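Colleague: Can you keep this structure in mind? I'll have questions shortly.
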Amino acid sequence: MMVSKSHITVQMTKNTCTLLLFVFVAVNPIFAQRNKGNVQQSLDWAASIVIDGKLDEWGDTLTYEHTTQKFRYHIKNDTENLYIAMRVLDKDRQMQIFAQGLACMVNIKGKKREGPTVYFPVADRLAFRSIMSADNDNRPDDMRKGALEAIRAIYVMRFEDILDGQISLENTYGVQAQATLDTADALCVEMAIPLNRLGVSVGDTGELAFNIKINGVIIPGSGSSASTMRRGYGYPYGYGYPYGYGQPTPSKPREEPGVWVVAPLAKE
């Protein structure tokens with residue numbers, strides 16, 4: 001069968017374009033990193049971020065996604081703080097968050113191991129019951145709004161100069177966190193952690209390991225539980241635990257791993 005010259009020319013053009021695209025990706029590490037699935041590969045520089053639970057400075061949908069736990073996220077930094085934004089649309093996951101919190105952990109040695117961790121938001125159980133009480137004339141129709149009203153603290157662990165446990169939303173450590181429900185009914189959370197509380201600075205060149213996830217273990221001292229928060233919603237047994245009704249409680253509950261980002265701090 002005879003092949004026309006025009007057909008050969010078109011095929012050669014396609015092959016050339018494919019080759020050029022391959023070469024561009026191979027020699028451009030930034031392009032390659034940012035298109036490795038939908039997981040963040042490097043931190044971005046933060047500009048004028050206000051911790052108010054609104055994602056106006058981030059873009060409404062955020063850039064990256066952790067599909068296992070059904071949330072979107074983005075991590076940035078400036079000279080003073082590490083910033084984390086998360087957005088959760090799934091209602092079941094939202095209730096899990098109000099019971100057990102989102103967790104942001106940083107290992108300053110760049111290892112996928114434990115490090116300083118911030119948990120937020122976790123609704124205070126007693127405050128939540130009071131807000132949702134039938135005797136409360138201002139009781140919100142939406143349980144999630146009641147949970148937002150019942151947030152009283154930020155929980156921290158493994159910081160060098162902060163005792164493990166709860167700290168005030170208006171604390172002297174510089175740790176900030178806020179949560180809101182946006183117009184699309186998604187739960188939006190922003191956190192800021194001072195770099196000096198982590199023992200790092202923007203001039204450091206080494207990699208850090210960041211882990212963010214929906215927490216799957218009850219935080220000691222929080223007074224909240226997954227079953228308490230989901231009561232009346234007909235949800236099954238606690239998230240993150242590999243047992244059900246009629247089965248023995250294991251000595252150590254299974255934790256969902258979350259998403260890891262291993263990268264140095266961004267430079268301006």
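The values are calculated or read from the model by the stated rules, or taken from the named source; none is laboratory data. Keep in mind the model is a prediction, meaning the values are calculated, not measured. Because the Cβ atoms are built from the backbone with ideal geometry, glycine has one as well, and the counts that use them run over all protein chains shown.
Colleague: Go through 50, 118 for me and flag whichever is out of contact with any strand residue (DSSP E or B) (no Cβ under 8 Å at 6 or more places or on another chain), closer than 30 Å to residue 267 by Cβ and at pLDDT 95 or above.
Modeller: Sole residue among the options that is out of contact with any strand residue (DSSP E or B) (no Cβ under 8 Å at 6 or more places or on another chain), closer than 30 Å to residue 267 by Cβ and at pLDDT 95 or above: 50.
Colleague: Is there any pair with a first residue in region 134-151 that is closer than 21 Å to residue 53 by Cβ and a second that is at pLDDT 85 or above and loosely packed, with under 14 Cβ neighbours inside 10 Å whose Cβ atoms are under 7 Å apart and which are 6 or more apart or on different chains, and what are they?
Modeller: The qualifying pairs do not exist here.
Colleague: Determine whether residue 146 is on the phi > 0 side of the Ramachandran plot and either buried (at least 21 other Cβ atoms within 10 Å of the Cβ) or among the polar types (S, T, N, Q) (or both).
Modeller: Here the answer is no, as residue 146 does not meet what is asked.
Colleague: Moving to a separate point now. Scan region 106-123 residue by residue and report those that are part of a loop (DSSP other than H, G, I, E, B), touching a helix residue (DSSP H, G or I) at 6+ places or on another chain (Cβ under 9 Å) and not β-branched (Val, Ile, Thr).
Modeller: Listed by number, the residues that qualify are 115, 116, 121.
Colleague: Can residue 175 be described as under 24 Å from residue 58 (Cβ atoms) and modelled with pLDDT under 90?
Modeller: For residue 175, the condition - under 24 Å from residue 58 (Cβ atoms) and modelled with pLDDT under 90 - is not met.
Colleague: I would also like to ask the following. State yes or no: is residue 184 of a type in the set (Gly, Ala, Ser), farther than 18 Å from residue 96 by Cα and under 19 Å from the mean Cα position of the chain (by Cα)?
Modeller: So residue 184 fits the description; yes.
Colleague: Would a scan of region 80-89 turn up a residue that is more than 29 Å from residue 160 (Cβ to Cβ), surrounded by 19 or more Cβ atoms within 10 Å (Cβ to Cβ) and of a type in the set (D, E, K, R)?
Modeller: Yes; the residues of region 80-89 include at least one that is more than 29 Å from residue 160 (Cβ to Cβ), surrounded by 19 or more Cβ atoms within 10 Å (Cβ to Cβ) and of a type in the set (D, E, K, R).
Colleague: So, one more: Say we look at region 185-217 and pick out the residues that are aliphatic (A, V, I, L, M) and assigned to a loop (DSSP other than H, G, I, E, B); which of these is nearest to residue 157 (Cα to Cα)?
Modeller: For region 185-217, the residue satisfying everything is 217.
Colleague: Residue 39 passes all but one of (1) at pLDDT below 95; (2) within 25 Å of residue 146 (Cβ to Cβ); which number fails?
Modeller: Of the numbered conditions (1) at pLDDT below 95; (2) within 25 Å of residue 146 (Cβ to Cβ), the odd one out for residue 39 is (2).
Colleague: Pairs under 6 Å by beta carbon, first residue at pLDDT 95 or above in region 66-82, partner among the charged types (D, E, K, R) and surrounded by 14 or more Cβ atoms within 10 Å (Cβ to Cβ), six or more apart or different chains?
Modeller: 72/65; 72/87; 76/44
Colleague: Taking residue 92 and the conditions (1) acidic (Asp, Glu); (2) assigned to a loop (DSSP other than H, G, I, E, B); (3) over 17 Å from residue 155 (Cα atoms), which numbered condition does it fall short on, given that it satisfies the others?
Modeller: (2)
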